[in-house]
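Chemist: The structure under discussion is supplied below as structure tokens; questions concerning it will follow.
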Amino acid sequence: MEGQRSKVSSCSFVSYCFLFWVQLLPLATGGKVPALIVFGDSSVDAGNNNFIPTVARSNFEPYGRDFQGGKPTGRFSNGRVPTDFLSEAFRIKPYIPAYLDPKYNISDFATGVTFASAATGYDNATSEVLSVIPLWKQLEFYKTYQKNLRAYQGETTAKGTISEALHIMSLGTNDFLENYYTSPGRSTEYTPQQYEDFLVGIAGNFIRKLYGLGARKISLGGLPPMGCLPLERTTNVVGGNECVSRYNDVALEFNGKLKKLTTSLNKELPGIRLVFSNPYYSLMHIIRNPAEYGFDSTSVACCATGMFEMGYACSRGGMFSCSDASKYVFWDSFHPSEKTNGIIAAHLVKTALAQFLE
């Protein structure tokens with residue numbers, strides 16, 4: 001690892017490449033999606049966990065060192081998370097604020113808000129592991145948000161905002177890595193395939209509820225190659241610290257079921273535009289071909305030793321963190337770096353989310 005960390009210019013490489021790509025988008029796309037409304041876990045949490053009693057936090061250095069002002073926000077990254085980049089791509093604003101952050105109000109949330117909570121999942125039992133916000137509670141927050149939006153914009157305008165807003169779901173990894181494969185509960189009740197089906201059922205019901213509340217544009221996120229996270233590779237001693245294939249196989253299998261769910265719900269719910277946003281292959285391509293993207297390290301993260309630290313452990317090892325996070329695919333042992341987030345976001349906008357720019 002490198003020595004004492006040093007601050008680098010705020011997301012220099014990522015901003016240049018992402019903004020260059022955004023400039024290629026048609027100018028007419030500005031008003032197609034008026035807001036991004038986000039549900040999920042640490043992949044899209046912008047700091048909601050800062051305001052609940054949990055250890056699943058990242059509102060301290062070195063997190064956020066490449067964010068605007070170099071301050072930690074509660075995002076599990078050195079900078080922005082994918083939904084921040086998506087918001088920029090849709091020409092809304094440079095980042096999505098956290099719903100529980102008192103610095104923001106409905107005037108800010110009207111164009112984008114995240115209800116996401118790090119360490120949560122589809123399964124309520126997953127959110128209980130670290131006492132974070134379960135998915136059902138995120139939906140309750142959304143209902144209150146809609147009420148406030150109607151008071152702020154008026155009934156007709158608010159209804160239009162909701163129907164035209166892009167609703168993003170990004171979760172599921174914790175259900176497997178923090179719950180099923182680490183706690184005895186669910187693994188004694190279900191086989192991996194049965195648990196996948198259990199989670200897909202929850203995802204389907206959640207989407208139906210969003211639809212019932214007026215949402216029409218929805219992105220259902222898939223799982224990344226979770227067996228390639230530095231934490232999993234570090235503990236895969238017998239496998240030579242390579243990616244854990246059985247975890248990746250589960251991710252692929254689960255993603256296949258989510259894709260089938262999108263096909264089914266598009267037929268079931270009139271007027272819905274539901275897409276499956278799959279980060280698996282784009283992240284795997286980065287991991288397998290790091291030099292193509294300017295990365296030096298894929299198996300070890302930037303923070304601390306890069307092998308097992310995240311959250312408070314990352315903070316304690318902060319003095320040993322790398323000096324340039326843009327050389328690392330992963331920021332901590334569980335989360336991609338800002339540069340990786342930007343690359344994945346750009347890929348999703350060019351593929352699954354392209355139709356919402358038309």
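Chemist: Which residues, counting only those in the stretch 238-289, are among the polar types (S, T, N, Q) and part of a loop (DSSP other than H, G, I, E, B)?
Modeler: 241, 278, 289
Rundown of residues vs (1) aromatic (Phe, Trp, Tyr); (2) closer than 19 Å to residue 110 by Cα; (3) in contact with a Cys (Cβ under 7 Å, 6 or more places away or on another chain), yes/no style:
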| site | (1), (2), (3) |
| --- | --- |
| 160 | no, yes, no |
| 174 | no, no, no |
| 178 | no, no, no |
| 186 | no, no, no |
| 211 | yes, yes, no |
| 224 | no, no, no |
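Chemist: Looking only at the stretch 312-358, count every residue that is touching a strand residue (DSSP E or B) at 6+ places or on another chain (Cβ under 9 Å), assigned to a loop (DSSP other than H, G, I, E, B) and over 25 Å from residue 35 (Cα atoms) and tell me the total.
Modeler: Qualifying residue count for the region: 2.
Chemist: Let me ask something else about it. Scan the stretch 200-235 for residues that are in a loop (DSSP other than H, G, I, E, B), closer than 23 Å to residue 274 by Cα and within 21 Å of the chain's Cα centre (by Cα) and jot them down.
Modeler: The answer is 215, 216, 222, 223, 224, 225.
Chemist: Give just the number: which of (1) within 26 Å of residue 207 (Cα to Cα); (2) touching a residue at least 12 places away in the same chain (Cβ under 8 Å) does residue 79 not satisfy?
Modeler: So the condition that residue 79 fails would be (1).
Chemist: Restricting attention to the stretch 299-310, does a residue exist that is modelled with pLDDT of 90 or more, of a type in the set (Asp, Glu), assigned to a loop (DSSP other than H, G, I, E, B) and over 30 Å from residue 202 (Cα atoms)?
Modeler: Scanning the stretch 299-310 turns up no residue that is modelled with pLDDT of 90 or more, of a type in the set (Asp, Glu), assigned to a loop (DSSP other than H, G, I, E, B) and over 30 Å from residue 202 (Cα atoms).
Okay, residues lined up against (1) touching a residue at least 60 places away in the same chain (Cβ under 8 Å); (2) surrounded by fewer than 24 Cβ atoms within 10 Å (Cβ to Cβ); (3) on the phi < 0 side of the Ramachandran plot:
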position	(1), (2), (3)
85	yes, no, yes
96	yes, no, yes
103	no, yes, yes
133	yes, no, yes
146	yes, yes, yes
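Chemist: Would you check which residues across the stretch 93-115 are of a type in the set (A, V, I, L, M, F, W, C), in a loop (DSSP other than H, G, I, E, B) and more than 16 Å from residue 342 (Cβ to Cβ) and list them?
Modeler: Scanning the stretch 93-115 gives 100, 110, 115.
Chemist: Still on this structure: Which residues, taken from the stretch 149-199, are part of a helix (DSSP H, G or I), surrounded by 18 or more Cβ atoms within 10 Å (Cβ to Cβ) and β-branched (Val, Ile, Thr)?
Modeler: Those that are part of a helix (DSSP H, G or I), surrounded by 18 or more Cβ atoms within 10 Å (Cβ to Cβ) and β-branched (Val, Ile, Thr): 161, 162, 173.
Chemist: Please count how many residues of the stretch 333-358 are under 17 Å from residue 290 (Cα atoms) and charged (D, E, K, R).
Modeler: Total meeting the criteria: 2.
Chemist: Given the conditions (1) in contact with a helix residue (DSSP H, G or I) (Cβ under 8 Å, 6 or more places away or on another chain); (2) more than 24 Å from residue 275 (Cβ to Cβ), which single one is not true for residue 344?
Modeler: Unmet for residue 344, out of (1) in contact with a helix residue (DSSP H, G or I) (Cβ under 8 Å, 6 or more places away or on another chain); (2) more than 24 Å from residue 275 (Cβ to Cβ): (2).
The values are calculated or read from the model by the stated rules, or taken from the named source; none is laboratory data. Treat the numbers as computed from the prediction; the structure is a model and nothing was measured. When we count neighbours, we look across all protein chains shown, and the Cβ atoms used for this are built from the backbone with ideal geometry, even at glycine.
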